Each structure stands twice: as structure tokens, then as C-alpha cells.
Amino acid sequence: MISVIIPVYNEERNIAPLFERLYPILKGVESGAVKKDGGYEVLFIDDGSRDGTAREIEKLRRKDKNVKLLCFSRNFGKSAAMQAGFDEAKGEILILMDGDLQDIPEEIPKFLAAIKNADVVVGWRYYREDRTTKRLASRIFNSLSGFITGLRIHDANCGFKALRKEVAKNLELYGEMHRYLPALAYVKGYKVSEIKIRHAPRLYGRSKYGLSRMWKGFFDLLTVKFLSSFAKRPFHFFGGFGILSFLLGFIIGAWLFAIWLLTGTIGGHTPAAILSMLLLILGLQLISLGLIGEMIAATKARDRVYEIKRRV
Ligand code: UDP
Ligand code: MG
């Protein structure tokens, strides 16, 4: 079975036209034209819309029982909506797409073909129908996140994706982490590939994101990197810097002490003395921070440190 997960926030005018195009494709899935075992569900997650979005979806549900709707009590953000979709989805293959018709439903069969050889398939909007600033921001992000996580794909932000159920069940999305879903899956050892897809301009409604997304996205990127490399051993991260800082402070201090012993004064070296103290304190702080981190990690030690991809 295929679960199509669509987070929607104030998209009332997009729902009907979207489903009109989605429906024939999913019927193709059901009849086996696209995929053998057939069957589908469409999970709409209404992320606290204040317009008629939910009403539009309920109309669809009257026509097709495979349409399901989850309504959030308020706007929790796209990551939360996707997480809810993951928790609820019954299918073996999950298709994630935006509800604004910028992702073209006719591309779904391509995703289904590509997921046969991967765990996650990410769309690459090689010709993007968005403003230049947005495209530029996206470019910078893709290079940066490719550099930091090691996953080099063109369009990690693309909302149009396919993934296997196991991957979805093993990911935790919060904040704005949906943007790093491919990177998170990749650092957990799943195979991520990409396919070129077409992209359409937004017809109705407005984009929910401004440039502030860049700033938040940057922090999330650091979190992805930190969690993937150091979450299980925080002392290695903080402790390293801490010891380095402490040693440097100690050496400068010792050198000043020697000067004081020989000449009876540290003369014009006051700035060096301040630096030495600063480094010593910073070093101790980082070391203790690392140890506190270890304590937190230890209490969570019963959490899995491995990922099971398949069971036979
Ligand atoms: N969305 C959501 N919750 C939010 C913001 C956005 O569910 O808080 C949905 C939105 O309705 C759309 C998708 O996420 O289906 C992508 O949003 P948008 O089109 O505004 O992003 P853009 O295409 O501008 O990157
Ligand atoms: Mg959009």
C-alpha cells in the first residue's frame, strides 16, 4: 500500500484541484498499473488552518474513503505535520508532497520506480518556479548541508519525496527538521537517491515561509550534525575543546609565572595573564559541560544506538 502524506496549512483553494489530479494516478496504483500490490491512502494533515481547508478535505472523503484527515488543534509546523503522517501511515511506501500543487502529482510513478533501489528518494526541482532569492537561499543551503552531512544531493529542501516505512518510523522530526529528512536518513545509514522532477508555480494562496527559514534552518543543520556525530558521546566534543583551552591557558600561565620568578614582575604582560585565566576557566567550563552531557546521554543509554533496517 502507498500512503500519500500531505501537510496543509490554509490551502483551501488548492485541495480540490490537487485531488482531481492525484486521484487518477492513485487509481492506477490500485489497479496495479503503477505498482503490483496496489492500494493507497491519502493522509491530509491540517496544520491548524483557519480557512476552509478541512471542509474541502471532508468533501473529498465523502467521495473516496481512502482519504483521511487529521486536524491539529493549532499550527504546529510542517515537521510536526509530517511526523503525525508518519505515525498514522499504514503503507509500506510513503509519498510526501506539498498541498499547494507546486509538486506535480503526475510525477508519483517516477518516485515509485526509483524507491525500488533506495530507501529515500528526493525530488530535484531542476527548474524551479520560485523567486530568485528563494532559489539562491536554497542553493547555499544545499551546498552547506552537503558539506556538513556528507550527503550530496541537489535539492534536499524539496517537499516531494518517497520513503520506505522503516525510515519514517525511525526518524524523529521536530522544529524544522523536515528539511533535513534526507540528511537524517543518510547519517543513519539509509540509501538516499534523487530524481529530476518538474515543479509548478503556486496558483492559489501564499507561501508559508519567508527568509526567516534560513536562520532557523541553519540551527537545525548544526543540530543534525551534532546529533549524528556527538549525541552519544558529548564529552568527546566538549572535552576536546575544553582540554585544549585549559592546556593553552596553563602554558601561558606557567610562562608568566616563570617571568615573575625571574624578574619579580610580569611587566607589560597583563593582557596575557587575563587571557590565561580566561582560557583556564573556559576549559574547565567546557569539560564540565561535556561531563553533564555524558550524564544526560547515560540516562538515555537505553535508547537505541543502532538502526534495524530489515527483519526476515
Ligand atoms: N505547511 C504546513 N504547516 C506550516 C507551513 C506549511 O503544513 O506551518 C504546508 C503548506 O500548506 C504546504 C507545504 O507545507 O502544503 C509547503 O509550504 P509552502 O508551499 O508554503 O512552502 P514553499 O513551497 O514556499 O517552500
Ligand atoms: Mg509551496
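Values for this structure:
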read-out: Solvent exposure of the chain as accessible area per residue, Å², 1.4 Å probe; value: 55 Å²
read-out: Hypothetical label at Gln285: residues of region 247-279 whose amide nitrogen lies under 17 Å (7 Å Cα-Cβ projection); value: 247-250, 274-279
read-out: Whichever lysines have a C-alpha closer than 16 Å to that of Lys208, once near sequence neighbours (fewer than 8 apart) are set aside; value: Lys78, Lys134, Lys216
read-out: Cross-link pairs Lys59/Lys188; Lys68/Lys225; Lys196/Lys232; Lys68/Lys116 - those with Cα-Cα distance over 32 Å; value: Lys59/Lys188; Lys68/Lys225; Lys196/Lys232
read-out: Estimated 222 nm signal from helices in the chain, with DSSP H stretches of n ≥ 4 weighted -39500 (n - 2.57), rounded to 500; value: -16500 deg cm²/dmol
read-out: Translational D in µm²/s for the chain (Stokes-Einstein at 4 °C, 1.567 mPa s, Kirkwood Rh from C-alpha pairs); value: 58 µm²/s
read-out: Choice from Ile25, Ile197, Ile259 showing the highest fluctuation, given a GNM over the chain with Cα pairs closer than 10 Å; value: Ile259
read-out: Contact order normalised by residue count of region 131-256, Cα under 8 Å, 6+ apart, percent; value: 24 percent
read-out: Cα gyration tensor shape for region 13-159, rounded if a/c is under 1.5, else prolate or oblate; value: oblate
read-out: Amide H contacts under 5 Å for Leu43, placed H, 5+ residues apart; value: Val4, Ile5, Ile6, Lys68
read-out: Packing-based order for 184-190, 120-126, using average beta carbon neighbours within 10 Å, highest first; value: 120-126, 184-190
read-out: Two-decimal Rg/Rh across region 39-78, once Rg and the Kirkwood Rh are taken from alpha-carbon atoms; value: 1.00
read-out: Accessible-area composition of the chain, carbon plus sulfur, in percent [1.4 Å probe]; value: 61 percent
read-out: Average projection area in nm² (convex hull over Cα atoms of region 135-202, one quarter of hull surface); value: 5.2 nm²
read-out: The chain: relative contact order in percent, alpha carbon pairs under 8 Å with at least 6 residues between; value: 17 percent
read-out: DSSP-defined beta bridges in the chain - what % are antiparallel, rounded to 5; value: 25 percent
read-out: Reduced Cα scattering model of region 1-97, Debye log10 I(q)/I(0), q = 0.14, 0.16, 0.17, 0.25 Å⁻¹; value: -0.47, -0.61, -0.69, -1.35
read-out: Rh by Kirkwood over Cα pairs, then Stokes-Einstein D for region 47-122 at 1.567 mPa s and 4 °C, µm²/s; value: 91 µm²/s
read-out: Trypsin sites (Lys or Arg not before Pro) lying in DSSP loop within region 72-117, provided at most 12 other Cβ fall within 10 Å; value: Arg74
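The values are calculated or read from the model by the stated rules, or taken from the named source; none is laboratory data. This is a predicted model, so every value here is computed, not measured. Don't worry about glycine lacking a Cβ; one is built from the backbone with ideal geometry, like all the others, and counts go over all protein chains shown. Accessible surface areas use protein heavy atoms only, side chains included; no ligands, DNA or RNA. Shrake-Rupley method; radii C 1.70, N 1.55, O 1.52, S 1.80 Å.
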